[in-house]
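Report on the following structure.
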Amino acid sequence: MIEGVFFDLDGVLVDSERMHQRLFEEYLTETRSPLPKERLYRLVGSHKSLNPWDEILEGIELGEPREEFIRNLREDHRRRVQQVDFSTIFFPEVHTVVEGLRHLGIKTAVASSSEPAYIQRVLSAGGLLDQFDLIVSCDQMERSKPAPDIYQYCLAYFRLPAENGLAVEDSMLGIAAAKAAGLKVLARRDTFFGMDQRQADFYTEDLRVLLQILR
């Protein structure tokens with residue numbers, strides 16, 4: 001019996017992964033950077049404590065110091081994100097699903113690799129900040145995804161055994177974290193980034209399937 005459903009944020013509740021990549025692409029275009037935009041797909045689901053940059057920048061002659069490129073890219077991205085109206089990019093079924101789970105008596109959490117302030121801003125924009133029983137960031141954990149810490153925390157918070165929890169994820173790192181915590185995983189199917197989602201137990205393009213499964 002599933003008693004707790006734990007949602008990733010970006011790419012699961014809000015269609016923000018493609019938005020973030022579009023903003024990165026704008027920077028690369030404006031600065032005429034030689035870095036192929038697809039290299040930055042490797043940031044999807046990542047956390048600031050991880051270091052994917054060796055892989056991202058391998059074989060690329062940037063024409064500027066690596067640290068300077070990364071710093072400028074991040075600062076520009078942060079500025080562009082401040083202009084985004086997140087209320088317009090939530091997946092359309094999300095409110096129905098969260099409300100439906102509450103009516104079923106199922107505990108819900110947002111368990112994201114993003115910074116707490118960003119999580120709060122996004123959920124506030126969608127009118128969902130007070131709709132979850134728990135909101136937690138990998139910033140609050142000793143280790144980020146793909147380590148299981150954040151999902152182990154959710155299970156401990158609700159005093160649930162792993163078999164009574166379900167994670168909803170999209171990225172390979174997030175799916176790996178949930179599986180390492182012993183959870184079943186529903187993956188929102190990726191049709192853009194080519195992410196490896198093979199570890200997931202179930203797949204969907206519409207989270208309303210949760211209500212059908214759990215009723």
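The values are calculated or read from the model by the stated rules, or taken from the named source; none is laboratory data. Everything numeric in this text was worked out from a predicted model, so none of it was measured. A quick note on method: Cβ atoms are made from the backbone with ideal geometry, for glycine too, and the neighbour counts reach across all protein chains shown. Heads up: the accessible areas ignore ligands, DNA and RNA and are worked out on the full protein's heavy atoms, side chains in. Shrake-Rupley method; radii C 1.70, N 1.55, O 1.52, S 1.80 Å.
Remarks
- Considering only residues in region 140-154 that are farther than 23 Å from residue 2 by Cβ and touching a residue at least 40 places away in the same chain (Cβ under 8 Å), the one that is nearest to the chain's Cα centre (by Cα) turns out to be 144.
- Members of region 185-215 found to be modelled with pLDDT of 95 or more, among the polar types (S, T, N, Q) and exposed (fewer than 14 other Cβ atoms within 10 Å of the Cβ), listed by number: none
- Among residues of region 184-207 being touching a helix residue (DSSP H, G or I) at 6+ places or on another chain (Cβ under 9 Å) and among the basic types (Lys, Arg), the one that is nearest to residue 148 (Cα to Cα) is 184.
- Looking only at residues in region 74-108 that are in a helix (DSSP H, G or I), open to solvent by 80 Å² or more (accessible area, probe 1.4 Å) and of a type in the set (Lys, Arg), the one that is farthest from residue 119 (Cα to Cα) is 102.
- Residues of region 109-139 satisfying the condition of being under 14 Å from the mean Cα position of the chain (by Cα) and not hydrophobic (A, V, I, L, M, F, W, C): 112, 113, 114, 115, 116, 118, 120, 137, 139
- Some residue of region 39-46 being in contact with an Asp or Glu (Cβ under 7 Å, 6 or more places away or on another chain), surrounded by fewer than 18 Cβ atoms within 10 Å (Cβ to Cβ) and either among the hydroxyl-bearing types (Ser, Thr, Tyr) or part of a helix (DSSP H, G or I) (or both): yes
- Positions within region 167-199 being hydrophobic (A, V, I, L, M, F, W, C) and more than 15 Å from the chain's Cα centre (by Cα), in sequence order: 180, 181, 183
- Residues that are over 24 Å from residue 173 (Cβ atoms) and touching a helix residue (DSSP H, G or I) at 6+ places or on another chain (Cβ under 6 Å), drawn from region 46-75: 62
- Among the residues of region 119-144, those identified as out of contact with any helix residue (DSSP H, G or I) (no Cβ under 8 Å at 6 or more places or on another chain), of a type outside the set (A, V, I, L, M) and not in a loop (DSSP other than H, G, I, E, B) are 120, 124.
- Total residues in region 189-212, condition under 20 Å from residue 98 (Cβ atoms) and in contact (Cβ under 8 Å) with a residue 60 or more places away in the chain: 5
- Hey, residue 115 open to solvent by 50 Å² or more (accessible area, probe 1.4 Å), closer than 26 Å to residue 91 by Cα and modelled with pLDDT under 95 or not: yes
- Residue 124 vs. criteria open to solvent by less than 10 Å² (accessible area, probe 1.4 Å) and among the polar types (S, T, N, Q): no
- Residue check for residue 182: at pLDDT 95 or above, within 16 Å of residue 98 (Cβ to Cβ) and open to solvent by 10 Å² or more (accessible area, probe 1.4 Å): no
- Selection within region 135-171 - touching a Lys or Arg at 6+ places or on another chain (Cβ under 9 Å), open to solvent by 30 Å² or more (accessible area, probe 1.4 Å) and acidic (Asp, Glu): 139, 163
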